[in-house]
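Engineer: Below: one structure in structure tokens.
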């Protein structure tokens, strides 16, 4: 009976460790996704927008609820970047004095 209890405790500990690992992975995926979504406004909108969408899909697949807003915002920011990237970049250069 005691051996069975230890097995269940081991299973619980494995699940907790797996959950911590997946949470860290989701945080990394979400950070990369948001950074690439914002970069898609300025440079290479199609590439960085797609990276944002992919990382959002992977985060959602891993169980994160924050992946869906990342997907939607990446698509919107990619569209804005595709249309206005030249205008936004010129404005940023003038504002920063570059």
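The values are calculated or read from the model by the stated rules, or taken from the named source; none is laboratory data. Computed from a predicted model, the values in this text were never measured in an experiment. Counting neighbours? That spans all protein chains shown, and the Cβs are built from the backbone with ideal geometry, glycine included.
Engineer: Please go through (1) in a loop (DSSP other than H, G, I, E, B); (2) modelled with pLDDT of 90 or more for residue 36 and return the number of the only condition it doesn't satisfy.
Structural biologist: (1)
Engineer: Quick check on this structure: which one of 75, 27, 88 is part of a helix (DSSP H, G or I), under 8 Å from the mean Cα position of the chain (by Cα) and surrounded by 13 or more Cβ atoms within 10 Å (Cβ to Cβ)?
Structural biologist: Working: 75 fails: under 8 Å from the mean Cα position of the chain (by Cα); 88 fails: under 8 Å from the mean Cα position of the chain (by Cα).
Unique residue meeting the criteria: 27.
Engineer: What pairs come up if the first residue lies in segment 81-95 and is in contact (Cβ under 8 Å) with a residue 24 or more places away in the chain and at negative phi, the second is loosely packed, with under 11 Cβ neighbours inside 10 Å and not in a helix (DSSP H, G or I), and their beta carbons are under 9 Å apart, counting only those six or more places apart or on different chains?
Structural biologist: 92/98
Engineer: Would you please name the residue that is farthest from residue 27 (Cα to Cα), looking only at residues in segment 39-59 that are surrounded by fewer than 18 Cβ atoms within 10 Å (Cβ to Cβ) and free of Cβ contacts under 8 Å to residues at least 24 places away in the same chain?
Structural biologist: 44
Engineer: OK, next. Name every residue in segment 39-72 that is assigned to a loop (DSSP other than H, G, I, E, B) and over 29 Å from residue 91 (Cα atoms), in order of residue number. Show your work before the answer.
Structural biologist: Quick first cut of segment 39-72, residues assigned to a loop (DSSP other than H, G, I, E, B) only: 40-44, 62-66.
Once the filter is applied, which keeps residues that are assigned to a loop (DSSP other than H, G, I, E, B) and over 29 Å from residue 91 (Cα atoms), segment 39-72 yields 62, 63, 64, 65, 66.
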